[in-house]
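Just below is one structure, and these are the notes that go with it.
The values are calculated or read from the model by the stated rules, or taken from the named source; none is laboratory data. Values in this document were obtained by computation on a predicted structure and should not be read as measured data. Heads up, the Cβs are rebuilt from the backbone with ideal geometry, glycines too, and the neighbour counts pull from every protein chain shown. These accessible areas exclude ligands, DNA and RNA; they are computed on the full protein's heavy atoms, side chains included. Shrake-Rupley method; radii C 1.70, N 1.55, O 1.52, S 1.80 Å.
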There are 2 protein chains.
Amino acid sequence: MAKTPVLTPQAEDFPRWYQDLISKAELADNGPVRGTMVIRPYGYGLWERMQQDMDARIKETGTQNAYFPLLIPQSYLTKEADHVEGFAPELAVVTHGGGKELEEPAVVRPTSEMIVNASFAKWVQSYRDLPLLINQWANVVRWELRPRLFLRTTEFLWQEGHTAHATYEEARDFAARIHRHVYADFMENVLAMDVVLGRKTPKERFAGAINTLTLEGMMGDGKALQMGTSHELGQNFAKAFHTQYLSKDGKQELVWQTSWGSTTRMIGALVMMHGDDHGLRVPPRLAPVQVVVLAIKGDEAVLAKVREIGDALKAAGIRVRVDDRTDTPFGRRAVDWELKGVPVRVEVGPRDLENDTAMLARRIPGGKTSVAIGALTEVLPKILEEDQALLLAQARERRELRTSDVTTVDDAVEATAAGGWARIPWSDLGETGENALAEHGVSVRCLLAADGSVPDSDDAPGNVAVVARAY
Amino acid sequence: MAKTPVLTPQAEDFPRWYQDLISKAELADNGPVRGTMVIRPYGYGLWERMQQDMDARIKETGTQNAYFPLLIPQSYLTKEADHVEGFAPELAVVTHGGGKELEEPAVVRPTSEMIVNASFAKWVQSYRDLPLLINQWANVVRWELRPRLFLRTTEFLWQEGHTAHATYEEARDFAARIHRHVYADFMENVLAMDVVLGRKTPKERFAGAINTLTLEGMMGDGKALQMGTSHELGQNFAKAFHTQYLSKDGKQELVWQTSWGSTTRMIGALVMMHGDDHGLRVPPRLAPVQVVVLAIKGDEAVLAKVREIGDALKAAGIRVRVDDRTDTPFGRRAVDWELKGVPVRVEVGPRDLENDTAMLARRIPGGKTSVAIGALTEVLPKILEEDQALLLAQARERRELRTSDVTTVDDAVEATAAGGWARIPWSDLGETGENALAEHGVSVRCLLAADGSVPDSDDAPGNVAVVARAY
């Protein structure tokens with residue numbers, strides 16, 4: 001008798017697999033208002049770990065957290081022409097408050113550049129007030145016509161950084177610092193994600209930016225997902241809000257700004273980059289639960305032993321959960337932890353006790369081995385680091401294998417249709433080629449310099465476009 | 001020449017003093033949409049410290065964090081009759097999304113009982129799923145006609161806990177546990193706040209609750225502020241949403257629920273309970289900066305010394321900030337740290353270096369003393385603990401001094417008009433007396449049992465009402 005798979009296999013229907021996983025691993029549910037989501041405790045636990053790590057990295061740059069209002073006067077949105085054009089179709093509008101129609105409707109923030117600048121214009125007076133480095137953790141709303149949990153939701157959670165600097169160079173360098181030393185380092189070292197760092201083409205830039213830096217990841221189906229962006233805003237918002245400072249020379253100067261964001265979409269990326277047909281695989285450095293110790297049966301000696309192991313692992317600095325819910329069948333619990341992607345299961349039954357061993361099941365490479373209970377605190381930290389590295393290596397290998405070098409739009413379309421990315425010299429593609437790709441649902445994810453680094457300009461000689469279908 | 005006070009003195013105009021302080025200590029600004037606020041980095045730093053400490057206490061009860069949508073279908077609000085009546089006048093309504101009028105308007109959550117129950121009804125199937133203990137950190141919107149920063153704002157930040165239990169007793173005990181072992185312990189031990197724990201009268205209960213437990217604090221002007229509440233919801237919401245479970249006996253039973261919240265209003269309370277004419281006084285256990293080390297002059301030796309002291313204090317586990325911004329006059333910086341309420345200033349100038357001493361200025365009791373630099377790491381932790389205790393003692397003493405025992409409505413009105421609280425036997429007051437007090441702007445803050453504990457019922461013999469004017 002063939003075992004019914006818990007999830008639709010990836011190869012059969014990737015979007016369906018994704019939905020199944022999000023639901024069965026208890027990461028999130030759809031909310032009642034179209035496009036909204038309920039983030040369940042296990043999914044939110046992943047977000048909390050992401051927040052905690054990123055928050056520390058953001059603070060290391062000298063940035064401080066603050067909080068700006070959810071509701072923005074509708075008139076503010078119109079102050080920067082590109083910005084309003086970019087966001088107008090996605091706005092949620094509050095027309096009634098306290099039982100009355102409002103004199104001026106308020107929009108629910110789709111992002112906070114506008115309302116932040118209203119404050120920055122007051123707070124920045126002198127060069128002594130610069131750089132002003134602010135971040136906020138908040139919810140934003142962008143109306144979604146084709147919502148998908150974590151990837152495109154009408155409401156999502158994020159951090160958004162907003163900074164003001166005295167010079168163009170300082171702003172440019174700060175945006176690059178966030179891009180590489182906050183976002184990329186976090187994604188590679190904690191999320192074990194393979195990300196390509198590049199700059200967006202003018203067509204793909206943030207509404208109101210002069211440059212957008214991006215991190216792009218390849219998902220299990222070969223499509224791309226934008227993982228985070230860091231923008232140079234130039235003086236566009238400073239002009240709209242008169243955000244200026246008195247320089248050392250006694251002149252009024254407009255500030256140079258940046259903004260940068262990363263969102264709960266990273267949870268969706270985690271699923272699609274590391275997940276397999278058995279469920280999620282959570283990188284050990286992120287995992288809220290790194291090791292689960294399971295009692296196979298509700299036998300007194302077994303229960304005492306799993307608790308003892310749990311205490312020992314906790315004392316060794318491992319994030320551990322003891323699963324002694326023996327009124328639920330062992331097999332069901334094992335499948336559930338597999339779905340949730342906990343890196344290692346330590347399974348203990350009456351037979352194991354006789355030999356003072358436990359069965360160790362590794363979620364990331366797969367496979368089971370018997371290990372002496374006394375050796376666990378020594379063995380597990382090594383395994384967790386090994387598996388962390390393995391996830392990143394697997395993701396990187398997939399991206400490299402599935403990326404082709406091409407020189408024509410037709411070949412680029414063919415490569416991406418087969419579930420991969422293509423690299424094409426920007427001199428062969430250009431804006432005409434970019435528009436031609438768009439007709440096939442393919443976009444330029446980013447531009448790279450000839451040596452693979454982030455280019456200094458859109459049209460630097462040797463620039464290469466990375467093109468893909470994207471979420 | 002008399003020195004112009006930095007703040008309006010409390011005795012002259014308490015509300016004005018409050019506004020001055022919030023603004024000059026850079027805690028918050030008004031947002032552009034009426035009643036909204038921008039929480040500035042120093043104010044948000046206080047909130048982050050509160051969150052961190054409370055979150056750990058909440059998790060110790062077995063509660064997990066999750067996230068529910070901001071937008072709720074308008075129809076949901078009408079499912080529980082008392083609840084909709086309580087919140088209808090305060091709702092912000094989204095009528096347009098994505099450029100179109102919505103088929104059903106959505107309200108911005110004023111609280112999440114409704115949307116949480118929509119999920120609980122799906123998640124709870126069996127007695128094995130109980131208790132279900134969920135918390136979320138979120139923003140909520142309640143339209144405010146008379147906004148005041150932190151105290152009453154159209155949008156505020158909070159944590160809201162929502163739990164479901166198999167029995168009435170378990171829910172009752174859980175609500176009481178949050179009331180005493182999360183809220184009261186945190187407020188007394190970290191915020192150094194004197195709080196009175198009691199139960200609300202039916203008139204003052206949360207819309208939809210069968211019992212509301214409250215913590216009430218006396219502010220510097222003798223008025224009361226509700227600091228947090230913990231509600232027993234009975235089965236009211238369970239009935240509205242059919243939130244039920246299969247019991248061990250195989251019967252479908254409705255769950256018993258609680259909800260509980262505490263908000264950014266605690267920052268306002270901190271200001272009004274501990275502030276004085278010189279500014280805020282932050283309790284050391286909460287303070288993001290416990291000690292600031294100030295260089296009086298920009299002399300090389302002084303700058304080297306303040307950095308050395310900063311490193312030593314940091315190594316000793318003190319949250320320290322080095323202020324070496326000597327391009328700003330020392331006096332201005334000292335006043336600014338006083339306004340912000342940093343518990344201790346360590347001031348170092350060229351003359352102090354000669355004697356290897358520093359001037360130590362204590363914000364909480366006031367006063368300055370010279371201390372050997374080598375003794376700082378030993379002296380400061382003791383001072384910080386002393387000052388923590390002192391703040392609580394001062395607040396408690398004020399409340400005791402300004403509370404009168406009375407037996408008539410007239411005497412209660414007189415006592416509260418003079419800037420204090422009154423205690424009056426509930427048997428002398430009753431609902432008629434409560435309504436009479438309301439005509440004078442006085443409310444029953446809570447009921448206490450004869451021995452000062454939290455009473456088990458509204459009409460237990462010996463119950464005493466604590467009455468006051470309130471924020």
Hey, with R₀ at 30 Å, roughly what FRET efficiency would A:Asp13 and A:Asp311 work out to, going by the Cβ-Cβ distance, to 0.05? 0.10
Spin-label pair A:Ser126/A:Lys203, simplified geometry with 7 Å Cα→Cβ offset, distance in nm: 4.9
List the distances, in nm and shortest first, from the label point of A:Gly62 to the matching label points in every other copy, placing each point 7 Å from Cα along the Cα-to-Cβ direction. 4.8
Pairs B:Lys59/B:Lys79; B:Lys59/B:Lys239; A:Lys24/B:Lys122; A:Lys24/A:Lys314; A:Lys122/A:Lys248: which exceed 23 Å Cα-Cα? B:Lys59/B:Lys79; B:Lys59/B:Lys239; A:Lys24/A:Lys314
Residues listed by number, region B:106-135, amide nitrogen under 15 Å from A:Asp327 label point at 7 Å toward C-beta: B:125-132
Those residues of region B:107-134 for which accessible area with every protein chain present is at least 50 Å² below the isolated value (1.4 Å probe): B:Trp123, B:Arg128
Summing +1 for each Lys or Arg and -1 for each Asp or Glu, what net charge is found among the other residues whose Cβ lies under 10 Å from the Cβ of B:Gln244? +1
If you take the beta carbon distance between B:His181 and B:Ser427 as r and set R0 to 30 Å, what does 1/(1 + (r/R0)^6) give as a FRET efficiency, to the nearest 0.05? 0.45
Protein accessible area in region A:328-425, 1.4 Å probe - carbon and sulfur %: 51
Looking at the square roots a ≥ b ≥ c of the eigenvalues of the Cα gyration tensor of region B:153-193, which shape do they give, rounded for a/c under 1.5, prolate if a/b is larger than b/c, or oblate? oblate
Student exercise, region A:171-324 dipole from Lys, Arg, Asp, Glu Cβ charges, in Debye to nearest 20: 660
For region B:14-274: rounded, prolate or oblate by the Cα gyration tensor [a/c cutoff 1.5]: oblate
Rounded to the nearest 100 Å², what's the accessible area chains B and A bury against each other, both chains counted, probe 1.4 Å? 4200
What are the residues of region A:38-73 that lose 50 Å² or more of accessible area, with a 1.4 Å probe, going from their chain alone to all protein chains? A:Val38, A:Pro41, A:Tyr44, A:Glu48, A:Asn65, A:Tyr67, A:Pro69, A:Leu70, A:Leu71
Using a 1.4 Å probe over the heavy atoms of the protein chains, calculate the carbon and sulfur portion of the accessible area of region B:14-274 as a whole percent. 44
Overall form of chain B per C-alpha gyration tensor (a/c, 1.5; a/b vs b/c): prolate
Just how much of B:Glu60 is accessible, in Å², when a 1.4 Å probe is used and the result is rounded to the nearest 10? 150
Say a label goes 7 Å from Cα toward Cβ at A:Ser247 in every copy; what distances in nm does this one have to the rest, shortest first? 7.8
Could you do me a favour and compute the accessible area per residue for the protein assembly as shown, 1.4 Å probe, result in Å²? 40
Centroid-to-centroid separation of region B:310-335 and region B:217-266 [C-alpha atoms, Å]: 44
Apply 1/(1 + (r/R0)^6) to the Cβ-Cβ distance of A:Arg57 and A:His440, taking R0 = 41 Å, and write down the FRET efficiency to the nearest 0.05. 0.60
Roughly what would the spin-label model give for B:Thr369 and A:Leu303, points 7 Å off Cα along C-beta, in nm? 5.6
Check: C-alpha center region A:422-471 vs C-alpha center region B:369-445, spacing in Å is 67
B:Lys248 versus B:Arg396, label points 7 Å from Cα toward the beta carbon: distance in nm? 4.3
For B:Thr4, go 7 angstrom from Cα along the Cα-to-Cβ vector, then report the distances to that same point in the other copies in nm, smallest first. 7.9
Determine the order of A:Ile373, B:Ile134 by accessible area, beginning with the largest, at a probe radius of 1.4 Å. A:Ile373, B:Ile134
